Amino acid sequence: MRTRQSSGGGLTGARLVVALVCAAMTTFAQLYSPQGVLPQVAHDLDTTADTAALTISAATLGLAVAVIPWSFIGDRYGRRHAMLASVVGATVFGLVSAWLPSLWLVLLARLLQGVFLAGVPALAMAYLNEEVESGVAVVAAGWFVGGTTIGGLTGRIVATSVAQVSTWRVGLTVVSTIAALAALAFALLAPVERRFVPTARAGWRHAAGKMATNLRDGPLVGLYLIAFLLMGGFVAVYNYLSFRLVAPPYLLPGWLVGLAFLAYLAGTVSAPRAGVMASRRGRSRVMGAMVLVMLLGLVMTLAGPLWLVLVGLVVFTAGFFGAHSVASGWAGARAVEARSQSTALYNLAYYGGSSVLGWAGGLAWEGAGWTGVVGFVGASVLLALLAQQALVRRSG
């Protein structure tokens with residue numbers, strides 16, 4: 001049984017938050033860096049938009065299937081050590097994937113990269129909730145999610161900017177190099193765990209029992225479903241937005257499309273702010289409000305003027321990261337006896353949604369253009385709001 005010691009704030013807590021932000025940056029810079037250069041990937045590899053988007057889905061699929069194994073690795077060997085192995089392995093595969101000659105080899109490398117990337121989201125919330133007090137953890141979870149937005153923004157903008165003057169392959173290589181520096185910062189800053197006690201080796205029956213503990217909890221299942229629906233819709237918007245912006249009537253150059261990802265900064269602001277609001281007004285109320293903000297922004301992107309499309313994207317992004325920061329921290333905090341596994345299940349749903357719905361949005365794009373994408377994503381967001389009201393609202 002784990003004992004609770006008194007530390008968890010001050011300098012150690014601050015170092016932990018900064019280290020987790022660095023881990024988030026190295027993970028999400030690499031995970032979504034191809035998103036802004038998908039039109040170039042499709043042209044270079046002679047394929048369609050939905051097939052090119054598999055470069056994103058392959059990595060998120062690898063991440064989705066690996067989060068649960070990583071949760072048990074973290075339980076056995078420690079969150080810090082497991083997360084360090086995760087970011088190092090992911091960076092190696094990131095450098096390799098950028099230079100493979102065929103689409104299918106690129107997809108295989110991206111799948112393996114996703115498997116390694118899974119260690120960070122699988123373990124970050126468990127690491128955080130175990131090492132700092134609950135009041136601090138709610139706010140710190142927001143800062144971690146804010147770090148994911150900085151990483152995602154950096155990866156997209158760097159890749160598109162570099163690709164504009166060279167190739168998408170060089171762009172992804174530069175992103176992986178930056179990620180390596182962030183991984184080094186994590187290694188130097190992440191504090192030694194004080195409250196972690198390794199678990200004994202256990203068989204699959206024991207593992208399944210720990211997972212079942214969370215799956216019997218209705219509000220937790222609701223949070224997992226919300227993660228699947230919101231993340232899938234969010235990725236679909238960003239996957240196919242670049243195809244819309246390079247086409248008539250906008251005809252934007254690649255580097256300018258990359259600047260559209262500055263909308264991610266809205267998430268950098270909204271994620272920690274939502275964490276603070278949730279600590280004061282309740283998680284459920286704040287999460288429901290953020291989902292409504294997300295829906296409002298999505299509808300705004302249907303407008304014709306480019307400036308209004310981009311404002312809608314900012315609003316949509318702020319709502320998404322606000323909702324995610326609350327839900328992800330909640331999934332870890334609510335589960336007391338199987339916290340790592342709850343975080344892993346949340347991330348399984350989250351990245352499963354990214355892989356499945358993020359790709360399926362391409363079918364809507366091919367069939368009905370941007371209106372089809374908005375309809376597809378809007379249905380996902382409304383279902384998430386229904387799940388929040390039916391399963392989660394009364395629990396926090």
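The values are calculated or read from the model by the stated rules, or taken from the named source; none is laboratory data. Everything numeric in this text was worked out from a predicted model, so none of it was measured. Counting neighbours? That spans all protein chains shown, and the Cβs are built from the backbone with ideal geometry, glycine included.
Results for (1) in contact with a Phe, Trp or Tyr (Cβ under 6 Å, 6 or more places away or on another chain); (2) modelled with pLDDT of 85 or more, shown as yes or no for each residue.
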{"residue": "Ser6", "(1), (2)": "no, no"}
{"residue": "Thr12", "(1), (2)": "no, no"}
{"residue": "Val17", "(1), (2)": "yes, no"}
{"residue": "Ala23", "(1), (2)": "yes, yes"}
{"residue": "Ala64", "(1), (2)": "yes, yes"}
{"residue": "Val67", "(1), (2)": "no, no"}
{"residue": "Ile73", "(1), (2)": "no, yes"}
{"residue": "Gly78", "(1), (2)": "yes, no"}
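Looking at the structure I just gave you, is Pro34 under 19 Å from the mean Cα position of the chain (by Cα) and modelled with pLDDT of 90 or more? Even if it seems obvious, please write down each step before you answer.
On the way: under 19 Å from the mean Cα position of the chain (by Cα): yes; modelled with pLDDT of 90 or more: yes.
So Pro34 fits the description; yes.
Here are some residues: Gly171, Gly146. Which one is of a type in the set (Gly, Ala, Ser) and at pLDDT below 80?
Details: Gly171 fails: at pLDDT below 80.
Being of a type in the set (Gly, Ala, Ser) and at pLDDT below 80 holds for just one of Gly171, Gly146, which is Gly146.
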When every residue in the range 232-277 that is modelled with pLDDT under 85 and more than 23 Å from Tyr32 (Cα to Cα) is compared, the one surrounded by the most Cβ atoms within 10 Å (Cβ to Cβ) is Gly275
Per-region count, the range 14-48, residues of a type in the set (Asp, Glu) and crowded, with 24+ Cβ neighbours inside 10 Å = 0
Identify all residues within the range 237-267 that are under 16 Å from Gln164 (Cβ atoms) and in a helix (DSSP H, G or I); write none if there are none.
-> Ser242, Leu245, Val246, Gly254, Trp255, Leu256, Val257, Gly258, Leu259, Ala260, Phe261, Leu262
Taking Ala303 as meeting all but one of (1) modelled with pLDDT of 85 or more; (2) farther than 15 Å from Tyr238 by Cα; (3) in a helix (DSSP H, G or I), write down the number of the exception.
-> (3)
Inside the range 156-176, can you point out the residues that are surrounded by fewer than 20 Cβ atoms within 10 Å (Cβ to Cβ), out of contact with any Phe, Trp or Tyr (no Cβ under 9 Å at 6 or more places or on another chain) and in a helix (DSSP H, G or I)?
-> Val170, Val174
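Suppose we filter Gly209, Gly275 for residues that are farther than 24 Å from Gly358 by Cβ, free of Cβ contacts under 8 Å to residues at least 12 places away in the same chain and part of a helix (DSSP H, G or I); which single one remains?
Working: Gly275 fails: free of Cβ contacts under 8 Å to residues at least 12 places away in the same chain.
Unique residue meeting the criteria: Gly209.
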Does Gly329 qualify as being farther than 17 Å from Leu230 by Cβ, at pLDDT below 95 and either more than 19 Å from the chain's Cα centre (by Cα) or crowded, with 23+ Cβ neighbours inside 10 Å (or both)?
-> no
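Across the range 98-122, what is the total count of residues that are part of a helix (DSSP H, G or I) and either under 16 Å from Phe28 (Cα atoms) or without any contact (Cβ under 8 Å) to a residue 24 or more places away in the chain (or both)? Please lay out each step first, then the result.
Residues of the range 98-122 that are part of a helix (DSSP H, G or I), as a first pass: 103-117, 119-122.
Applying the additional criterion that residues be either under 16 Å from Phe28 (Cα atoms) or without any contact (Cβ under 8 Å) to a residue 24 or more places away in the chain (or both) yields 104-105, 109-117, 119-122.
Result for the range 98-122: 15.
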What are the residues in the range 36-65 that are out of contact with any Leu (no Cβ under 8 Å at 6 or more places or on another chain), small (Gly, Ala, Ser) and touching a residue at least 12 places away in the same chain (Cβ under 8 Å), if any?
-> Gly36, Ser57
Conditions (1) touching a Gly at 6+ places or on another chain (Cβ under 8 Å); (2) at pLDDT 90 or above -> Ser342 fails only (2)
